[in-house]
Ligand code: ADP
Ligand code: MG
């Protein structure tokens, strides 16, 4: 049984249908990447998984249990199991790094601060930010802030981490430190669904690549196959432009 199964999901913004039946599976410990042209629906898939955009058809299963996005409690359950990190890291500016990471577990989960702080320091270590635990966001570079945002997302112990272009807002020299943090998470066996324009990174870190266009999956497979020998004209055209 796959860890995450996305079966033929549909989604729309008002009258505009944007996902026309998206399906793929993610196994435990696997990194799967969604690639495709701007506007193809990659962000919408990630948003739909955590209940930010309504799934109007199809189904999503985590460990074989279907998430009913129409039920508020189910959306909460989905967010317990999956966490999303965006391009814009949006740390709480008035709190230091450590508090940014411990806030949700203490406030949302009601856990003891001391116990959560020990875990938060481990997460900060994982993303190479433990030396800045007492710093405030405005004292950090964009790459450092994004690494803190990833640690913050992990603080609620999600099973699946969704990363939506987390390096796209960064200056080029700051991209690698964030990619390194993601690499380390992959090495730790974190299950991830990744959207990134860093194609060489996608190729290196993913076990499967899903190529989307216009709200549909055009083809999916191992990165070498998708990048070197795409079977569709649309994927060939896309990779011809971005590689
Ligand atoms: P991608 O992440 O692949 O660039 P998106 O999922 O952001 O694609 O967008 C898919 C489609 O949905 C695009 O046509 C986009 O214009 C549209 N869209 C995205 N967000 C909204 C929104 N909040 N309201 C209306 N349309 C949206
Ligand atoms: Mg997007």
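The values are calculated or read from the model by the stated rules, or taken from the named source; none is laboratory data. Worth saying up front: this structure is predicted, and the values here are computed from it rather than measured. Every residue, glycine as well, gets a Cβ built from its backbone with ideal geometry; the counts of neighbours run over all protein chains shown.
Return the only residue of 5, 48 being within 16 Å of ligand 2 (Cβ to nearest atom), free of Cβ contacts under 8 Å to residues at least 60 places away in the same chain and in contact with a strand residue (DSSP E or B) (Cβ under 6 Å, 6 or more places away or on another chain). Talk me through it step by step, then tell me what you get.
Numbers: 5 fails: within 16 Å of ligand 2 (Cβ to nearest atom).
Going through 5, 48 in turn, the sole match is 48.
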The one condition residue 68 fails out of (1) surrounded by 20 or more Cβ atoms within 10 Å (Cβ to Cβ); (2) on the phi < 0 side of the Ramachandran plot is (1)
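Yes or no, residue by residue, for (1) surrounded by 19 or more Cβ atoms within 10 Å (Cβ to Cβ); (2) in contact with a helix residue (DSSP H, G or I) (Cβ under 6 Å, 6 or more places away or on another chain):
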{"position": "82", "(1), (2)": "yes, yes"}
{"position": "93", "(1), (2)": "no, yes"}
{"position": "101", "(1), (2)": "yes, yes"}
{"position": "109", "(1), (2)": "no, no"}
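Could you tell me which residue of the stretch 53-64 is nearest to ligand 2 (Cβ to nearest atom), considering only residues that are surrounded by 16 or more Cβ atoms within 10 Å (Cβ to Cβ) and over 30 Å from residue 243 (Cβ atoms)?
Across the stretch 53-64, the extreme among qualifying residues is 55.
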Only one of 183, 234, 216, 203 is out of contact with any strand residue (DSSP E or B) (no Cβ under 9 Å at 6 or more places or on another chain), farther than 16 Å from residue 87 by Cβ and modelled with pLDDT of 95 or more, namely 183
Only one of (1) at pLDDT 95 or above; (2) farther than 22 Å from residue 15 by Cα; (3) within 16 Å of ligand 2 (Cβ to nearest atom) does not apply to residue 89, and that is (1)
Within the stretch 14-45, residues being more than 13 Å from ligand 2 (Cβ to nearest atom), surrounded by fewer than 22 Cβ atoms within 10 Å (Cβ to Cβ) and over 14 Å from residue 217 (Cβ atoms) number 8
Considering the stretch 147-183, residues that are crowded, with 18+ Cβ neighbours inside 10 Å and within 16 Å of ligand 2 (Cβ to nearest atom), and then whichever is nearest to residue 27 (Cα to Cα), we arrive at 162
Residue 84 fails exactly one of (1) more than 16 Å from ligand 2 (Cβ to nearest atom); (2) farther than 25 Å from residue 234 by Cβ, namely (1)
